[in-house]
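Asks: Got a structure for you, written out below as structure tokens; questions coming shortly.
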Amino acid sequence: MRNNNKRENLLQSRSTCWTTVTSLNKCLSSAPSQAAAVNVVIIIICILMYAMYGTWLVLLILSQTHGHCMCQNRTTNFRPNIVMVMSDAFDGRLTFDPGSRVVQLPYLNYLRELGTVFINAYTNSPICCPSRAAMWSGRFVHLTESWNNYKCLDPNATTWMDMLQQNGYNTLSVGKLDYTSGSHSVSNRVEAWTRDVPFLLRQEGRPVTDLVGDTSTTRVMTKDWRTTDIATQWIHHKAAALSQPFALYMGLNLPHPYVTDSLGPNAGGSTFRTSPYWLEKVMPELISIPKWLPLSDMHPVDYYSTFTKNCSGNFTEQEVRKIRAFYYAMCAETDAMLGQVISALRDTDLLDTTVLLFTSDHGDLAMEHRQFYKMSMFEGSSHVPLLIMGPGVKSGLRLSQPVSLVDIYPTVLEMAGVAVPGGLSGHSLLPLLSQSAARPARPRPDWVLSEYHGCNANASTYMLREGQWKYITYADGVSVPPQLFDLMVDKEELHNVASKFPDVCRHLDKLLRSAVDYPQVSQAICLYNKQQFAAWRKSLGDNYTQVIANLRWHLDWQEDVENNEKAIDEWLMKSGRCPHRQGGLSSSRLSFLWIG
């Protein structure tokens with residue numbers, strides 16, 4: 001009997017507490033001037049509830065009160081601070097279950113619990129510069145003409161950070177920006193420009209792992225940690241003293257693989273490096289070994305990518321498991337950098353007035369589909385994280401609507417109370433994040449678009465995601481067969497069902513063409529590639545032969561220099577439509593179909 005009475009008293013106390021908090025929330029919405037006093041009362045209640053019932057009720061109270069700030073903010077013209085942490089090559093599937101279980105990501109989990117996670121967020125191009133150009137400009141890749149890691153956004157283009165600065169925000173951008181033209185290596189330029197040439201050369205080092213330090217080594221990517229230190233010191237010493245709102249962008253290199261130094265000065269990133277400290281954050285028993293199609297069954301573009309990424313050879317299951325474990329460990333180190341930013345905002349009492357976003361330019365295949373790196377429309381490469389937390393953002397919300405990086409531009413501006421310019425490809429996410437947001441001026445499409453025109457693929461690639469379907473088409477839409485995946489039943493994307501669902505393909509292709517005239521764009525890029533390569537070769541003069549022989553493909557180039565040079569000459573002289581290759585797979589070469 002005593003236990004029953006105690007239980008009834010406990011439930012009654014909790015009910016009374018909850019009624020009180022609900023009333024206080026109404027005060028926050030209807031009487032913003034009383035917000036400070038109301039917040040003090042809520043804090044006192046939280047302390048009492050923690051002492052009596054533990055942490056669960058405190059977290060519930062905080063999550064419920066956290067989301068009511070939008071009414072207060074919009075009533076008083078409140079302008080939140082904006083902090084964005086952008087990683088490089090972070091697989092978005094790790095930010096929601098079951099992916100999040102394979103590695104400990106406490107700070108991303110914190111964002112997920114107290115903010116909103118978009119579980120179907122995509123890059124607009126699965127490669128660094130074009131993706132970031134889309135994010136900073138709010139416009140699709142074909143509109144900015146950000147074709148590859150050399151050709152990106154004009155330095156004079158107006159970014160959303162520029163817009164915030166012009167409208168009274170104190171701004172700082174630190175770390176990896178990577179969205180303007182000319183910032184990448186010669187290899188990135190030449191290999192992209194010559195992808196229509198009828199030869200197949202390995203452009204990357206074979207993926208390897210590198211364990212450094214010991215269980216006390218926490219700062220493996222020292223460059224990113226320096227960036228994080230600069231950002232958090234700025235929060236402590238500058239942002240905390242500002243009278244106007246601020247916007248901070250922090251760009252990271254992790255978890256992008258490290259450059260493989262042994263392959264020379266033009267080497268790409270094929271080394272997965274971490275320390276025992278971060279490996280301990282990975283659950284080895286939960287690491288899945290991806291299924292691979294036989295090389296002979298691969299789509300011709302996927303085969304080409306597999307070969308140029310130096311993944312066509314044999315890999316043991318242990319190698320694959322190790323590469324994936326190291327990649328997850330690098331994600332854990334990235335999460336810790338995000339945590340340092342969160343701690344700085346909390347320590348300076350800025351967390352409650354700051355909108356915090358975490359995302360990435362693209363993902364990493366981490367040996368799915370017999371590939372690492374990005375440059376693919378498969379989920380590991382194109383699916384990015386997008387988590388948003390802050391005043392006015394719903395807590396614990398999982399949104400399945402497809403969104404993409406171009407949506408960040410209008411979202412940030414609307415949150416800051418800045419007029420959103422016309423001509424953007426993106427749509428504000430605020431109507432999805434807050435019930436009090438204004439109705440959008442134009443309806444949000446239920447699809448997202450991604451495109452890729454750089455090296456490691458032998459045809460311009462276009463992806464449209466709508467509902468359960470992912471449609472991938474190439475070049476002119478005719479010369480290379482499309483792919484269609486039903487992500488509801490085929491999460492591993494191993495079964496191309498384009499031939500089984502022709503009506504779905506026609507519908508999605510029509511949607512795609514409503515957004516971009518992709519055959520025309522593909523042709524324009526082919527002509528651009530020829531012009532850029534011819535100009536580059538002419539600029540080198542007598543040094544051309546030496547330079548082209550020492551790019552990332554140098555091992556394969558040296559095997560048949562004469563025929564490789566001949567193929568380039570024939571490509572440059574050929575008039576008419578550009579070539580796209582398909583069929584005839586072999587261990588070292590592809591046969592090519594020339595469209596004339």
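The values are calculated or read from the model by the stated rules, or taken from the named source; none is laboratory data. Note that the structure is a prediction, hence the values are computed from the model and not measured. Note that we place each Cβ from the backbone using ideal geometry, even for glycine, and neighbour counts take in every protein chain shown.
Asks: Select from region 165-186 the residues that are within 13 Å of M84 (Cα to Cα), of a type outside the set (G, A, S) and out of contact with any Asp or Glu (no Cβ under 7 Å at 6 or more places or on another chain) and list them in ascending order.
Replies: T171, L172, V174, L177
Asks: Further, regarding this structure: Condition test on T227, is it in a loop (DSSP other than H, G, I, E, B) and among the β-branched types (V, I, T)?
Replies: no
Asks: Of all residues in region 495-511, count the ones that are in a loop (DSSP other than H, G, I, E, B) and either touching a Gly at 6+ places or on another chain (Cβ under 7 Å) or exposed (fewer than 15 other Cβ atoms within 10 Å of the Cβ) (or both).
Replies: So the answer is 3.
Asks: A further question follows. Among D154, D162, which is more than 22 Å from I82 (Cβ to Cβ), surrounded by fewer than 23 Cβ atoms within 10 Å (Cβ to Cβ), of a type in the set (D, E) and without any contact (Cβ under 8 Å) to a residue 40 or more places away in the chain?
Replies: Exactly one of D154, D162 is more than 22 Å from I82 (Cβ to Cβ), surrounded by fewer than 23 Cβ atoms within 10 Å (Cβ to Cβ), of a type in the set (D, E) and without any contact (Cβ under 8 Å) to a residue 40 or more places away in the chain, namely D154.
Asks: Hey, among P207, P265, which residue is modelled with pLDDT under 95 and either surrounded by fewer than 16 Cβ atoms within 10 Å (Cβ to Cβ) or more than 27 Å from L153 (Cβ to Cβ) (or both)?
Replies: That would be P265, the only listed residue that is modelled with pLDDT under 95 and either surrounded by fewer than 16 Cβ atoms within 10 Å (Cβ to Cβ) or more than 27 Å from L153 (Cβ to Cβ) (or both).
Asks: A further question follows. Can you find, within region 165-204, the residue that is surrounded by the fewest Cβ atoms within 10 Å (Cβ to Cβ) among those that are in a helix (DSSP H, G or I) and modelled with pLDDT under 95?
Replies: Per the criteria, the residue is V186.
Asks: Then there's this: Condition first: farther than 17 Å from P276 by Cβ, basic (K, R) and without any contact (Cβ under 8 Å) to a residue 12 or more places away in the chain. Now tell me which residues in region 206-237 satisfy that.
Replies: Hit for region 206-237 is R226, nothing else.
Asks: Hey, another quick one. Tell me whether region 351-359 contains one or more residues that are out of contact with any Pro (no Cβ under 7 Å at 6 or more places or on another chain) and of a type in the set (S, T, N, Q).
Replies: Looking through region 351-359, none of the residues is out of contact with any Pro (no Cβ under 7 Å at 6 or more places or on another chain) and of a type in the set (S, T, N, Q).
Asks: If you take the residues in region 132-164 that are outside any loop (DSSP other than H, G, I, E, B) and over 21 Å from the mean Cα position of the chain (by Cα), which one is nearest to N253 (Cα to Cα)?
Replies: Checking each candidate, the answer is D162.
Asks: Of the residues that make up region 342-354, is at least one modelled with pLDDT of 95 or more and part of a strand (DSSP E or B)?
Replies: yes
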